[in-house]
Amino acid sequence: MRTIISNLLRQLGILFYTDKIRFYIHFIKKLKDSSRFMKENPMIALPPAYLIYESFNFDYTKYYFDSKETAAWLLNYFKKYLELKNINILDWGCGPARIVRHLPELLDKSCSVYGTDYNLKSIAWDRKAIKGVNFNQNLTYPPLPYVNDSFDIIYGISIFTHLPKDLHYKWFDELIRISKSGAVIFLTLHGKAFISKLTPPEQKIFNAGQLTIKGNTKVGHRTFAAFHPLPFVKKLFGPHQVLEHVEGEITNGKPQQDIWIIKVVK
């Protein structure tokens, strides 16, 4: 039923606005928990509530403490393929610094950490509140403000999941441009675990190996959704080496995103 209602709102072109209403409902429900978190953690810088909701979900504990665990989880993947010293690492689509804010304290001091996002409000807050990270703003389309061969590691957590087909190719080419030869790119995508989110006609498109889009809303926003079958992903990555693919599962009734780790071949 939830998927049916969402599809109807999308067809009417009002999903973006109804999602804003959903945020306010969540905000009110979380008032007690939010107040307790701020009282118990007065030294933790917190972005405006909607920025957290828009990029992740509105929950201060998950935004800060769970995301610190996610940062360590990411580094455990990276260290399998690179020595984490004297490297440049980029959080592509960093939002309000949910993950990237934790990297400077988890990485060797010889490393340089960068974050970029299309949301001007997120980047303005990041620059003001977060130390040890170099932040830049980008648009919803390339280029990024970095020279060729800049990065040893790039990660994008649920970024391609909110882009149309043409921007998949343009953005992947851009990530390759700013990556060094042998660099590692870590991405999460909507794989087949998410097929229940699709209508029967959309499932036919997905099962035919084609990128499946739920659009009619703001590109890049949480309400814009892309779903990634294996044939499409392999075509997108082209000649670059897939180091690892972890297929998403259904956990506690919720689909988990696929993990893809790519080695850049130049």
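What the table shows:
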| item | result |
| --- | --- |
| Selection count, segment 19-32, where residues are exposed (fewer than 13 other Cβ atoms within 10 Å of the Cβ) and more than 23 Å from the chain's Cα centre (by Cα) | 5 |
| For L84: the one exception among (1) assigned to a helix (DSSP H, G or I); (2) within 30 Å of L106 (Cα to Cα) | (1) |
| Unmet requirement for K109, which otherwise passes all of (1) free of Cβ contacts under 8 Å to residues at least 12 places away in the same chain; (2) part of a helix (DSSP H, G or I) | (2) |
| Filter pass, Y64 being of a type in the set (F, W, Y) and either within 18 Å of the chain's Cα centre (by Cα) or within 27 Å of P143 (Cα to Cα) (or both) | yes |
| Residue match in segment 118-132 (condition: among the hydroxyl-bearing types (S, T, Y), part of a strand (DSSP E or B) and in contact with a Leu (Cβ under 6 Å, 6 or more places away or on another chain)) | no |
| Check on L211, in contact (Cβ under 8 Å) with a residue 24 or more places away in the chain, farther than 24 Å from N138 by Cβ, surrounded by 14 or more Cβ atoms within 10 Å (Cβ to Cβ) and touching a strand residue (DSSP E or B) at 6+ places or on another chain (Cβ under 9 Å) | no |
| Residue in segment 88-99 that is touching a residue at least 24 places away in the same chain (Cβ under 8 Å), among the small types (G, A, S) and either surrounded by fewer than 19 Cβ atoms within 10 Å (Cβ to Cβ) or not in a loop (DSSP other than H, G, I, E, B) (or both) present | no |
| Condition broken by G13, with the remaining ones in (1) in a loop (DSSP other than H, G, I, E, B); (2) at pLDDT 95 or above satisfied | (2) |
| Residues of segment 52-69 classified as within 12 Å of I99 (Cα to Cα), part of a helix (DSSP H, G or I) and either aromatic (F, W, Y) or touching a strand residue (DSSP E or B) at 6+ places or on another chain (Cβ under 9 Å) (or both), total | 4 |
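The values are calculated or read from the model by the stated rules, or taken from the named source; none is laboratory data. Values in this document were obtained by computation on a predicted structure and should not be read as measured data. Neighbour counts are summed over all protein chains in view; Cβ atoms, including those assigned to glycine, are modelled from backbone coordinates with ideal geometry.
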